Amino acid sequence: MWSRRLLAGAALATLLSCPAHAQIEDSWLEQVDPWGISYLEEDEPALRTRMWRGARGEDLLALMQEARTKGLSPAEQMLMRRLALSAGQAPEGEDSDALLAERARIAFELGEAAAAAGQFAELGSPDAAAMAADLNLVLGNEATACEALTTPGLEGDYWPKLRAVCAALAGNTSGAELAMEMAQAQGVEDSWLSAAIFAMSGVAPKPPKAKFDNGIGFVMSNRAFLEVTPDAVPEDRADIAAAMARRKLTPPDVRVKAAQIAAEAGLIDREEFRIAYNSALAADGFNPRTLLSEAKFADADGARSDAETAEAIAAALEEAQANPARFAATASLLRDGMARLPLGPDTEDKALLFARANIAAGELEEALRWVTPPEPEPEPEPISLAPAMPTALLEDIGPAPEDDPVPDAADSAGPDDDSSLAEAGREQDPGTDEDALSPDPEPEPEPVPDPPSFNAAWIGALVILSDPDASKSAIRKAADDLIAAAEMEGKTEAAARIFALWTAAGTAPPSEARTFLSLESPVSDASSAPGDAIAVWAAARSGTAAEVVLRTVSLTNGDASELGLADITLILAALQDVGAEDAARLLALEATGYWKEAP
C-alpha cells in the first residue's frame, strides 16, 4: 500500500508547499523541534546531537534516499536505527524538511513503528498523517489513530476507509457499513474491507481471508477473527510481523514465521522469539514446516538422541548462513539446545558450527566449550588384592604351634662363619654400597601440550573480538594460540586480519601479534576504491556522524567480510570517532565472516 515514492514524495509535497507554522498549527508540537525528539530507549546509546552538522543538506539527502533499509546485518541495523531514532540538532539549509521526511521513511522501513508514527505525525501533511494513523493501528493505539479523523482538511482515499474501520472497532457495524457506502460513492473502492466489516457484523456468508499488508488489514483481520495462513505474513513489513509474533491468538505456524521475520529485523528480542516458538510447540497439531521448527521440536523431544538433536540443530544453522542477521537470530533461538548437548563422538563434527553459533548468540563461554577438548579422566589408583589384617590380630595369633619357624641363613650361620658376618655387616651399613651414593633420578619433564588447531584458536580470537572487557592475559593467550596455529597450518593471512580487526575494534594486540601483523598482512587485500572508505573517515573527522553511518552501510552492503583490510579499518576507526564503539566492535566481528565458515 505504501510505496517508497509515496513515503518520500507525497509526504514532502505538503511540507515544501506549506509554511512551517501551518504544518504544526493548533498543535503542541508548535514549540517542539522535531529533530530534537529521541525515540531510543533511555539506556540505549545514541549518536551525538550534532550528527547532521558539517555536511551539505543536498549531499545528506542523496545519501538518505539511497540508504539501504532491507537485508541489513545486525551491526548495520544498529547503526541505521540510531540514525533514524536519535535526537539531534536540525541540519542546516533548505533541505531540512526533506531530510526530516526521509528520516521518517527510514524509520518506517526499518520496522520501527512507534518512531515512524511519531515522526510522520510531525510532518503535518495528510499523507504523512495517514501513515501515522495506520502505524498506530498496528501498535494497538486505536484511539490515537481514530482521533486523527478530527483533523480538518484531510484528503485522500485512506480517511474514508479509516472512518469505517473506527466505527467497526467501536462496535457500530451499521455505521461502518454506511461509511463504506459513502466511501464507494466518493470513488473509494475496497472490496476486502467491505467484506471484513460484514464478517465482523456476522452477516457475511463467506468471510474473506485475513490480510496484513497495512494497519487497517491488521486490525480488521484480528477483530473479525478472519482465517490466517502463513502466506498472509508480510515479508516487507517487519513491524506487522513483530505484532503478529507477539499476539497470543496468532495461529502457531503463522506465529513462528512472523517471529522469524521480526527477529531477523531486530524487532523482537531473544525471549520473545523463544516464547513464540514454545507456544507453537505446545499447541495441539503443530507440524514443523521449517528446519528451524524441526530443530526446536527435536530439542524439546526427550525421546531424541543427542546425535539426532545435534543433526537437526546443525541443519537449521547451516540453512541460516545466508546472512549474518538470520544466523544470529537462529543461533539465539537454539542456544539452549546447543548448551544441553555434550561435546563427544555424536557432536564433534559439528563443534565448530556450534561454536560459531554461540559467538553469534553472545554465549562466549559456550563457544569456547565447543572447541576445548574435555580433560581426560584421571587413571584410578591400583587396588591391592591382598586382604588387610589388623596388626593387633597378628600379634594375638603368633606362629602356629605345629609349625616351627624356619631360621633364615643369617641365624643358621655359626659364630665362625666370617663370610656370613661380612654380608650381614654390608646389609646393615648402606654407606659401604656404591649404589647408595648415586643421586636420585630426575623426574621426567611434563609433556608440552600440542597447540590448538587453527579453528579452535580462531574461535578464541573471535571471543576476544566480541568481548570489550577481555583481560590482558586472555588477549595474550589467544594471540599466542592463533600465531602458533596459523604458522603450523599455513593460515597466517587470516590470523593477521583478525589482529587488524582487534586493533580497529579497540583491543590492543600484544607486541608479538603486532610484529606478526606487520609481516603477514595480506598484500592482495587492497582496497578497490579507497576514496569511499577515506570519505567515511573524513566525515568522522568533521563530526558528521549521520554521514559516517550512511556511507558505512552503503559500503558494507550486508557483508563487511567482503571489504579489504584497509577499507574496513578506516570504517571502524570512523565509527569509533563518532562514539559508536559497540557498533564498531560488532561490525568488526562481522568482517571476519564468522557466520559463513572458518578461514
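Can you name every residue in the range 248-280 that is free of Cβ contacts under 8 Å to residues at least 24 places away in the same chain and either outside any helix (DSSP H, G or I) or open to solvent by 30 Å² or more (accessible area, probe 1.4 Å) (or both)? Let's see the steps before the verdict.
Looking only at the range 248-280, we keep the residues that are free of Cβ contacts under 8 Å to residues at least 24 places away in the same chain, and these are 250-251, 259, 269, 271, 275, 278.
Residues satisfying the conditions are T250, P251, D269, E271, I275, N278.
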> In the range 540-579, what residues are buried (at least 24 other Cβ atoms within 10 Å of the Cβ) and over 22 Å from P74 (Cβ atoms)?
Replying inline: T544
> What pairs come up if the first residue lies in the range 102-118 and is in the same structural domain as L135 (by the TED database), the second is of a type in the set (D, E, K, R) and surrounded by 23 or more Cβ atoms within 10 Å (Cβ to Cβ), and their beta carbons are under 7 Å apart, counting only those six or more places apart or on different chains?
Replying inline: L110/R81; G111/D239; E112/R81; A113/D239
> Could you list, in sequence order, the residues of the range 80-110 that are open to solvent by 10 Å² or more (accessible area, probe 1.4 Å) and closer than 22 Å to F212 by Cβ?
Replying inline: F108, E109, L110
>> Out of the helices (runs of 4 or more DSSP H) lying entirely within the range 295-377, which hold 1 or more residues that are modelled with pLDDT under 95, more than 25 Å from E590 (Cα to Cα) and touching a helix residue (DSSP H, G or I) at 6+ places or on another chain (Cβ under 8 Å)?
In response: none
>> So the check is Cβ under 9 Å with 6+ separation or different chains; which pairs have a first residue in the range 131-154 that's closer than 23 Å to A107 by Cα and a second one that's open to solvent by less than 70 Å² (accessible area, probe 1.4 Å) and hydroxyl-bearing (S, T, Y)?
In response: M131/Y158; A133/Y158; D134/Y158
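Of all residues in the range 150-159, which are out of contact with any helix residue (DSSP H, G or I) (no Cβ under 6 Å at 6 or more places or on another chain) and either of a type in the set (F, W, Y) or at negative phi (or both)? Working first, answer last.
Quick first cut of the range 150-159, residues out of contact with any helix residue (DSSP H, G or I) (no Cβ under 6 Å at 6 or more places or on another chain) only: 150-153, 157, 159.
Within the range 150-159, T150, T151, P152, D157, W159 qualify.
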> What number goes with the only condition from (1) over 29 Å from P345 (Cα atoms); (2) in contact with a Lys or Arg (Cβ under 8 Å, 6 or more places away or on another chain) that A314 does not pass?
Replying inline: (1)
> Given the conditions (1) surrounded by fewer than 21 Cβ atoms within 10 Å (Cβ to Cβ); (2) over 23 Å from A243 (Cβ atoms), which single one is not true for A114?
Replying inline: (2)
> Here are some conditions: (1) acidic (D, E); (2) more than 21 Å from the chain's Cα centre (by Cα); (3) within 30 Å of E562 (Cβ to Cβ). E235 meets all but one. Which one does it not meet?
Replying inline: (2)
> Can you name every residue in the range 187-241 that is open to solvent by 30 Å² or more (accessible area, probe 1.4 Å) and acidic (D, E)?
Replying inline: E189, D190, D213, E227, D231, E235, D236
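The values are calculated or read from the model by the stated rules, or taken from the named source; none is laboratory data. Every value quoted in this text rests on a predicted model; they were computed, and no experiment measured them. Positions of Cβ are generated from backbone atoms using ideal geometry, with glycine treated the same way; all protein chains shown enter the neighbour counts. Keep in mind that these areas ignore ligands, DNA and RNA; they rest on the heavy atoms of the full protein, side chains included. Shrake-Rupley method; radii C 1.70, N 1.55, O 1.52, S 1.80 Å.
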